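Please read the structure below before turning to the comments.
The values are calculated or read from the model by the stated rules, or taken from the named source; none is laboratory data. Treat the numbers as computed from the prediction; the structure is a model and nothing was measured. As a convention, Cβ positions derive from the backbone with ideal geometry for all residues, glycine included, and neighbour counts pool all protein chains shown. Ligands, DNA and RNA are excluded from the accessible area calculation, which covers all protein heavy atoms including side chains. Shrake-Rupley method; radii C 1.70, N 1.55, O 1.52, S 1.80 Å.
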Amino acid sequence: MANGRKLRAFENLKRTIAGELHDDTFTRGRYATDASIYQMMPHGVVIPKNKDDISAAIAFCKDQGMALLPRGGGTSQCGQTVNHALVLDNTKYLNSILELDVKNQRCVVEPGIVLDELNRQLKPHGLWFPVDVSTGSRATIGGMVGNNSCGSRSIVYGTMRDNVKSIQAILANGSEMKFGAHSADEISNCGLFNSEQGLVNKLLEIGREESIEISTRFPDLMRRVGGYNLDALLPEGAKRGVWSDATVHGALNHPNLAHLLVGSEGTLAFSTEIELYLQPIPKNKVLGICHFPTFYQAMSATQSIVGLRPSAVELVDKNMIELSREIPLFKATVEEFVKGAPEALLLVEFAEPDQIANIRQLAKLKELMGDLGFFKSVIEVISLKEQRAIWEVRKAALNIMMSMRGDGKPISFIEDCAVELQDLAEFTDRLTNVFKKYDTSGTWYAHASVGCLHVRPILNLKQELDVKKMRSIAEKAFELVREYKGSHSGEHGDGLVRSEFHTKMFGKKVVSIFEKIKDQFDPNSRMNPGKIVRPFKMDDRSLMRYKPYYKHEKFSTTLDWSYWGSFGQAVEMCNNNGACRKLNSGVMCPSYMVTKNERDLTRGRANALRLAISGQLGPNALISDNMAQSMKLCVSCKGCKRECPTGVDMARMKIEFLFQY
């Protein structure tokens, strides 16, 4: 499509929609990255105000032969929310609760509503949505559906698919359809048009014909979010292993087509209304902080601790403890509740309705730790306020890791492999040895309770050598996962980084079924192409943030940036984690809280600076009027310096910009 034709088409679309359309280089650049290692420049960005805008954008992409990408908070770890596509950002306008049924504990929401905001509105009714991801201050429900998100308490509440009842969605052909559970009787009486009936029948036919292959090849783990949820199509419903006994959810007896959309990463349809199951807010909780002299011992003890039926068991390793001590926001909490110099901590929560029962379980935890040889190793935390402070440190774990200065960073590409608990200690030990083989190390944290630990080897992806190391480590890690019959994708999805490994993990037959599903929904591959099926290569540097030609333009600075190495390296401390998008706590970022524009938050400004100084926004971009507009509403409050987990100091960067400008 020629540029002139594209411009005319965009002008026509802009006149058609009630929302916003941006196709300037600066805005496109802000949406070219997420919290992964990747960067793909979109064709434009639509901020839809209503469902008609979404339909218009889908029709536009169909007419223009353009890909389309739904986007929430843009915090994906695997590159799900970047593509050469028309991006639709749901967060500014499509963020409401449409229905709330307190009695039956369910609600219907728009895709752009943020998890913490949803729970804030539910709290007066004594309810919450319990998929408590650590990025809840900016993660949208639509994004969580696309990713099949989990959370610290998935041992009790399951994954996103367990908590979604139905989804209203717009398909690539522009038709709208509701996806949910179907029994044999319902299929013939659900009021579908012929084309929709045909899609449902074909999907259920795939479930019947391929039931043995699906049941055989999918690992029996809660934390299996790779590929499409084909087991949602099984005639008797998805089979649930013994791991489900501890959850609040019952058995599934029918196919649920909404669960096929959960985890599909925007590749099948555009979710417009999402029906959720809600849970009562736990009134009582206690926390035991278990200290271990070695990491292996912490992993080995996890299975025994899970036997006490906790609501969460979360790992924090030595590296995380030391990095947390360096961050002013978390230092006091770490100093108060971490005793001595443990190699690892397990945060063990009990949340029974009866507080006496919780205290009793805490005593059993101390007894168990003593039986395992770890005497006086449990710090009891009864105060809810103190518990919240500790969980804030844990929730920020990923971003605390990313606070390392320099070009070497903890890189996300194998970080949520999942195995059964009895294999956890051995698996993590062997994977650590893989890191050593390639002269690197990893920081471990997260969901010990369900055998899903996040680990990021430290690599410098500006160097070709470390890109090759990344691929070698990934291949070795996934070999181990296969050996233990685990899941190579236990929480953060597939995106660009893991999709190409589906054939090795699931087999050619299952991947061919994935492709059948994709083609039923999206025969022309317009919906977020290159994810899950027919993928890109994970180590294709042309898709990465640091491409082979990446370098900073040289210029003299007025401030001393040597603490970070250089001005460019200070800007690169922003890893796009999106903590600056929070709306109801702290100071950061006041301009975004008012405008809800990506341009007007710390992340948007940092991306603009990084792209400008590396020559990706055209000549003299750093001193352009567009950059001035990016910086205009920064009030130099220093909120980001304290509250950004990676310590981005945009007020200081604005001084440097104004000097250059």
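Overview of values
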item: Per-region count, region 337-369, residues in a helix (DSSP H, G or I) and touching a residue at least 24 places away in the same chain (Cβ under 8 Å); result: 11
item: Among the candidates VAL450, VAL481, VAL455, residue that is without any contact (Cβ under 8 Å) to a residue 60 or more places away in the chain, buried (at least 19 other Cβ atoms within 10 Å of the Cβ) and under 20 Å from GLU420 (Cα atoms); result: VAL455
item: Subset tally (residues that are assigned to a helix (DSSP H, G or I) and either touching an Asp or Glu at 6+ places or on another chain (Cβ under 7 Å) or aliphatic (A, V, I, L, M) (or both)) for region 570-595; result: 7
item: Single unsatisfied condition, LYS331 versus (1) closer than 30 Å to THR428 by Cα; (2) touching a residue at least 24 places away in the same chain (Cβ under 8 Å); (3) open to solvent by 10 Å² or more (accessible area, probe 1.4 Å); (4) outside any loop (DSSP other than H, G, I, E, B); result: (2)
item: Test: ILE532 is β-branched (Val, Ile, Thr), touching a Ser or Thr at 6+ places or on another chain (Cβ under 6 Å) and either open to solvent by 10 Å² or more (accessible area, probe 1.4 Å) or free of Cβ contacts under 8 Å to residues at least 24 places away in the same chain (or both); result: no
item: Residues satisfying the stated conditions in region 596-620, i.e. part of a loop (DSSP other than H, G, I, E, B) and touching a residue at least 12 places away in the same chain (Cβ under 8 Å); result: LYS596, ASN597, LEU601, SER614, GLY615, GLN616, LEU617, GLY618
item: VAL225 at pLDDT below 95, open to solvent by less than 10 Å² (accessible area, probe 1.4 Å) and either in a loop (DSSP other than H, G, I, E, B) or within 18 Å of VAL510 (Cβ to Cβ) (or both); result: yes
item: Counted residues, region 245-268 - those being open to solvent by 10 Å² or more (accessible area, probe 1.4 Å), outside any loop (DSSP other than H, G, I, E, B) and small (Gly, Ala, Ser); result: 1
item: Condition met for PHE374 (of a type outside the set (A, V, I, L, M) and in a loop (DSSP other than H, G, I, E, B)); result: yes
item: Within region 47-120, strands (runs of 3 or more DSSP E) holding 2 or more residues that are open to solvent by less than 10 Å² (accessible area, probe 1.4 Å) and touching a residue at least 60 places away in the same chain (Cβ under 8 Å); result: 68-71, 86-89, 106-109
item: Residue within region 424-443 that is surrounded by fewer than 23 Cβ atoms within 10 Å (Cβ to Cβ), of a type in the set (Lys, Arg) and not in a helix (DSSP H, G or I) present; result: no
item: Selected residue [within 19 Å of TRP444 (Cα to Cα) and either part of a helix (DSSP H, G or I) or at pLDDT 95 or above (or both)] from SER304, SER324; result: SER324
item: Breaking point among (1) in contact (Cβ under 8 Å) with a residue 40 or more places away in the chain; (2) in a helix (DSSP H, G or I); (3) open to solvent by 20 Å² or more (accessible area, probe 1.4 Å); (4) not β-branched (Val, Ile, Thr), for GLY29; result: (3)
item: Matching residues, region 484-511, being in contact (Cβ under 8 Å) with a residue 12 or more places away in the chain, among the polar types (S, T, N, Q) and over 16 Å from ARG223 (Cα atoms); result: SER499
item: Odd one out for SER472, checked against (1) touching a residue at least 24 places away in the same chain (Cβ under 8 Å); (2) under 23 Å from ARG541 (Cα atoms); (3) outside any strand (DSSP E or B); (4) in contact with a helix residue (DSSP H, G or I) (Cβ under 8 Å, 6 or more places away or on another chain); result: (4)
item: Those residues of region 275-294 which are in a loop (DSSP other than H, G, I, E, B) and surrounded by fewer than 17 Cβ atoms within 10 Å (Cβ to Cβ), in sequence order; result: ILE281, LYS283, ASN284, PRO293, THR294
